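Written below as structure tokens is the structure these notes are about.
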Amino acid sequence: MSRTSHYGLLLFLILILCVFFAGCSSQNTTTTTKTVTTTQAGPEYTAGDIVTNTASSATWLIVSYDSSTDQYERALLVKNSDGSWGRVTTTTDEFPRAEMEKLYPVKLSHVSATSVTVATPTIPTTVVTTLSGSGPAITAISPTSGATGTSASITITGTNFQNGATASLVQPGHLPVQATSTSVSSTQITGTFDLSNLAAGMTNVEVTNPDSQSTTLQNAFTIGAASPVISSFSPTSADLGATSVAFSITGQNLADTWAITLVSSDGSQQVPCASLSTPTSTGVTCVLSIPDSITTGAYTVKVMTSDDTSGTSTSTFAINNATS
């Protein structure tokens with residue numbers, strides 16, 4: 001091949017290469033970016049839903065939902081007496097949607113949010129009692145004392161007692177004891193009181209009329225230890241000048257006996273009994289010596305206890321002349 005032909009072929013190849021590279025450089029390079037779309041779940045509740053939790057610690061009304069803040073507007077509810085729902089106040093608050101749905105997942109009902117108004121509390125009807133006339137007043141009672149563990153018939157004197165009035169003994173720390181078997185007039189109430197559930201000490205006396213007016217006489221009745229009771233004694237007589245007469249008494253509440261005395265009918269003469277045995281609740285013995293100087297006749301037997309309660313026999317002991 002001639003030199004001219006060689007140069008021509010070389011020039012042709014160069015031209016082809018230039019066209020190829022020019023075409024590559026003119027192409028546009030494009031980068032494609034994939035867009036990832038994240039979709040947030042919509043609100044679970046709508047306006048008017050009533051929601052709570054399994055513990056029923058609170059019940060809420062969903063008033064609205066704000067998508068820009070992702071918060072619910074809510075109002076606290078209470079149950080009305082007729083079973084309907086009512087708002088506690090007119091105010092509402094904003095609460096994050098996710099937390100609201102997590103904390104209060106139980107949907108109770110759906111209502112019109114605007115129909116739920118503030119609950120109206122039920123106010124009980126006040127019953128007005130019209131008092132009739134003046135209230136009762138206590139002026140005196142009789143007796144003024146009784147023994148622990150017994151019953152006492154007490155007469156209460158006063159004014160303005162109504163038919164159906166009740167009388168009670170009232171002592172702090174104990175249930176009131178109401179009288180039974182009562183008779184009532186406008187000025188007097190008589191009834192029987194069981195003292196077994198009251199303590200020794202002072203007790204108030206209270207009278208209440210059917211119209212609820214009442215009066216109290218403070219510390220009016222005294223409850224003490226049970227009084228001794230003499231059922232029988234032996235012997236039942238002795239002569240003037242008799243000495244070392246063994247004398248025995250039987251009865252009740254005698255355990256605290258400290259003195260036994262024979263007392264004349266007019267109370268002017270007494271014969272003490274000496275050398276008391278250790279008493280029991282039902283018996284005690286002592287030794288009588290009858291002086292020659294005292295008057296003959298009927299004497300009652302009196303027992304005294306250490307707390308100054310006493311019991312007197314219903315029958316009498318006869319002191320006779322030594323020659324009779």
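Residue by residue, here is whether (1) within 22 Å of T295 (Cα to Cα); (2) of a type in the set (F, W, Y); (3) surrounded by fewer than 16 Cβ atoms within 10 Å (Cβ to Cβ); (4) free of Cβ contacts under 8 Å to residues at least 40 places away in the same chain holds:
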residue	(1), (2), (3), (4)
A225	no, no, no, no
V229	no, no, no, no
F233	yes, yes, no, no
D239	yes, no, no, no
G251	no, no, no, no
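Restricting the range 178-199 to residues that are in contact (Cβ under 8 Å) with a residue 24 or more places away in the chain and among the aliphatic types (A, V, I, L, M), the residue that is most open to solvent (accessible area, probe 1.4 Å) is A199.
Against the list (1) outside any loop (DSSP other than H, G, I, E, B); (2) surrounded by fewer than 12 Cβ atoms within 10 Å (Cβ to Cβ), the condition L175 fails is (1). Do the conditions hold for A75, that is, is it outside any loop (DSSP other than H, G, I, E, B), modelled with pLDDT of 55 or more and open to solvent by less than 80 Å² (accessible area, probe 1.4 Å)? The answer is yes for A75.
With respect to the conditions (1) open to solvent by 20 Å² or more (accessible area, probe 1.4 Å); (2) closer than 24 Å to A147 by Cβ, F221 falls short on a single one, namely (1). From the set of residues in the range 78-105 that are of a type outside the set (F, W, Y), closer than 17 Å to V116 by Cβ and outside any loop (DSSP other than H, G, I, E, B), which is most open to solvent (accessible area, probe 1.4 Å)? Applying the filter and picking the extreme gives K79. No other residue among T305, T257, T296 is of a type in the set (S, T, Y), in contact with a strand residue (DSSP E or B) (Cβ under 9 Å, 6 or more places away or on another chain) and open to solvent by 20 Å² or more (accessible area, probe 1.4 Å) apart from T296.
So for the range 260-269 (the condition being under 29 Å from G201 (Cβ atoms) and open to solvent by less than 60 Å² (accessible area, probe 1.4 Å)), does at least one residue qualify? Spell out how you get there, then give the answer.
Of the residues in the range 260-269, the ones under 29 Å from G201 (Cβ atoms) are 260-261.
Then drop every residue that is not open to solvent by less than 60 Å² (accessible area, probe 1.4 Å), which leaves 260-261.
Yes; the residues of the range 260-269 include at least one that is under 29 Å from G201 (Cβ atoms) and open to solvent by less than 60 Å² (accessible area, probe 1.4 Å).
The values are calculated or read from the model by the stated rules, or taken from the named source; none is laboratory data. From a predicted model like this one, the values you see are computed outputs, not experimental measurements. All Cβ positions, even for glycine, are placed from backbone atoms using ideal geometry, and neighbour counts span all protein chains on display. Surface areas here come from the heavy atoms of the whole protein model, side chains and all, with no ligands, DNA or RNA. Shrake-Rupley method; radii C 1.70, N 1.55, O 1.52, S 1.80 Å.
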